[in-house]
Amino acid sequence: MLKGILAISGQRGLFKLVSQAKNSIIVESLIDGKRMPAYATSRISALEDISIYTEEEDVKLSDVFKAIYEKENGGEAINPKSSGNELKGYFESILPEYDKDRVYVSDIKKVLTWYNLLLEKEMIDPNAVDEEETEEAATED
């Protein structure tokens, strides 16, 4: 579901990996479709590698997106510009065990903004997570 989707520090929105260049990668903005190089000096995070801290073990971002999708019946999440208390309450309703000391309101805003953007671009498929897990389970056996 999140394969090839990147967040780049200092850049608004999310990016899709297009190709590799000699000393950079070429990414395409999901917001306006513009392509640009991203260099190793930029902090680039693949969404599939991001997890949310919880009291137990960390939860993959794709699982958080799936929980939001189910809560909203495939609709948009709460507005990321809502008050801090509203955002915390909403996040707790989708991930009750999230670590309130290590997950900041800014993190919640980012997750909700990303979710809404991916939903708008029809890139959220809650079944894709199950398929990935099924493939992983098959290769382990």
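The values are calculated or read from the model by the stated rules, or taken from the named source; none is laboratory data. Keep in mind the model is a prediction, meaning the values are calculated, not measured. Note: ideal-geometry Cβ built from the backbone for every residue, glycine included; neighbour counts use all protein chains shown.
A few remarks follow.
- Qualifying positions in the range 8-23 - among the hydroxyl-bearing types (S, T, Y) and at pLDDT below 95: S9
- The set of residues in the range 19-32 that are acidic (D, E) and part of a strand (DSSP E or B) contains only E28.
- When K16 is tested against the conditions (1) in contact with a strand residue (DSSP E or B) (Cβ under 6 Å, 6 or more places away or on another chain); (2) in contact (Cβ under 8 Å) with a residue 24 or more places away in the chain; (3) outside any loop (DSSP other than H, G, I, E, B), the lone failure is (2).
- For the range 14-58, taking the residues that are under 28 Å from G89 (Cα atoms) and touching an Asp or Glu at 6+ places or on another chain (Cβ under 8 Å), the one that is surrounded by the fewest Cβ atoms within 10 Å (Cβ to Cβ) is identified as E56.
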